[in-house]
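Asker: Dumping the structure here so I can ask a few things about it.
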Amino acid sequence: GAVVSQHPSRVICKSGTSVKIECRSLDFQATTMFWYRQFPKQSLMLMATSNEGSKATYEQGVEKDKFLINHASLTLSTLTVTSAHPEDSSFYICSATPLWETQYFGPGTRLLVL
Amino acid sequence: KQEVTQIPAALSVPEGENLVLNCSFTDSAIYNLQWFRQDPGKGLTSLLLIQSSQREQTSGRLNASLDKSSGRSTLYIAASQPGDSATYLCAVGMIKAAGNKLTFGGGTRVLVKP
């Protein structure tokens, strides 16, 4: 139980394009989903917290217009990196939690912007 | 603001030795603390979750202790094996009112030599 999936697992795109990453909770309803970014050999940094049906809460320093988050249902949240640039290349990981309990993490999406 | 530190940053031991990984945090008002394992290029695998009211958790060869008052947690891995080679992350969950956000330490990269 408590499986979280991410799609795609890796994506390569050209600079200036937008990329959408999906995060799904497969066997539970996630009231809250979190998006993290991880640079090589560094730890996870929380980008934003999203609750179903409401606007995401972004951490300080994260551009909300660049990283669009939509939590349209209790099992799906999407992160769209708009007008991606090479410095956006990173490993993006989502997590989902039912009612403030343990966060269950997805397998991550590796983004490479050329 | 919660800060989480992991020492050492890297650790190399011969197979069979016990591993001791340290995690410290600055704000003791935590909800829980988790230890994760991350293999290169992969997502997170939850190892142990300690609630703030608990002092330790055990799973097989793994034992994690928590001293909330001093802001410390230690992960012990007994009789290490080459398959234990990975990065180990500790993450502190803040009180429920904060949405149970996790703050991650920088990780300890472990190499167990055969």
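The values are calculated or read from the model by the stated rules, or taken from the named source; none is laboratory data. Computed from a prediction, not measured in an experiment: that's the story for all the values here. Positions of Cβ are generated from backbone atoms using ideal geometry, with glycine treated the same way; all protein chains shown enter the neighbour counts. Side chains included, ligands, DNA and RNA excluded: accessible areas come from the protein's heavy atoms. Shrake-Rupley method; radii C 1.70, N 1.55, O 1.52, S 1.80 Å.
Asker: For chains B and A, what's the summed buried accessible area, probe 1.4 Å, to the nearest 100 square angstrom?
Answerer: 1500 Å²
Asker: Shifting gears a bit: Given the C-alpha centroids of the stretch B:37-73 and the stretch A:3-41, what is the distance between them in whole angstrom?
Answerer: A separation of 25 Å, based on Cα centres.
Asker: Then there is this: Express the carbon and sulfur contribution to the solvent-accessible surface of the protein assembly as shown as a percent, rounded to the nearest whole number, probe 1.4 angstrom.
Answerer: C and S atoms contribute 52 percent here.
Asker: Radius of gyration and Dmax for the stretch A:8-93's Cα atoms, expressed in Å?
Answerer: Looking at the stretch A:8-93, its Cα Rg and Dmax stand at 12.7, 36 Å.
Asker: Also: Set Lys and Arg Cβ to +1 and Asp and Glu Cβ to -1, take the dipole of the protein assembly as shown about its Cα centre, and tell me which of A:Val11, A:Phe91, B:Ile30 lies farthest positive.
Answerer: Result: A:Val11, furthest along the dipole toward the positive end.
Asker: Now for a different question. Out of B:Gln81, B:Leu102, B:Pro14, whose Cα points farthest toward the positive end of the dipole of chain B (charges: +1 Lys, Arg; -1 Asp, Glu; placed on Cβ)?
Answerer: It is B:Leu102, whose Cα lies furthest towards the positive end.
Asker: With a probe of 1.4 Å, find how much accessible area the protein assembly as shown has per residue, and write the answer as a whole number in Å².
Answerer: Averaged over the residues of the protein assembly as shown, the accessible area is 48 Å².
Asker: Residue separation times 0.36 nm, minus the C-alpha to C-alpha distance between B:Leu111 and B:Tyr76: what's the value?
Answerer: 11.1 nm
Asker: Let me ask something else. Taking a spot 7 Å from the Cα of A:Thr80 along the direction of its beta carbon, which residues of the stretch A:1-35 have an amide N less than 11 Å from it?
Answerer: Backbone N within reach: A:18-21.
Asker: Kindly sort B:Lys113, A:Lys55, A:Lys66, B:Lys101 by accessible area of their heavy atoms, largest first, with the probe set to 1.4 Å. Kindly include the intermediate steps, with their values, before the conclusion.
Answerer: Working: B:Lys113 105, A:Lys55 180, A:Lys66 30, B:Lys101 65 Å².
Output order, biggest surface exposure first: A:Lys55, B:Lys113, B:Lys101, A:Lys66.
Asker: On to the next question. Within chain A, which cysteines find no other Cys whose Cβ is under 4.7 angstrom from their own?
Answerer: That list is A:Cys13.
Asker: Continuing with the same structure: What size of dipole, in debye to the nearest 20, comes out for the protein assembly as shown about its Cα centre when the only charges are +1 on Lys and Arg C-beta atoms and -1 on Asp and Glu C-beta atoms? Intermediate results must be reported in sequence, preceding the final value.
Answerer: Numbers: 21 positive and 17 negative charges, 49 e Å.
That gives the protein assembly as shown a dipole magnitude of about 240 debye.
Asker: Counting partner chain Cβ atoms within 10 Å of every residue's Cβ in B:100-110, what's the average?
Answerer: 4
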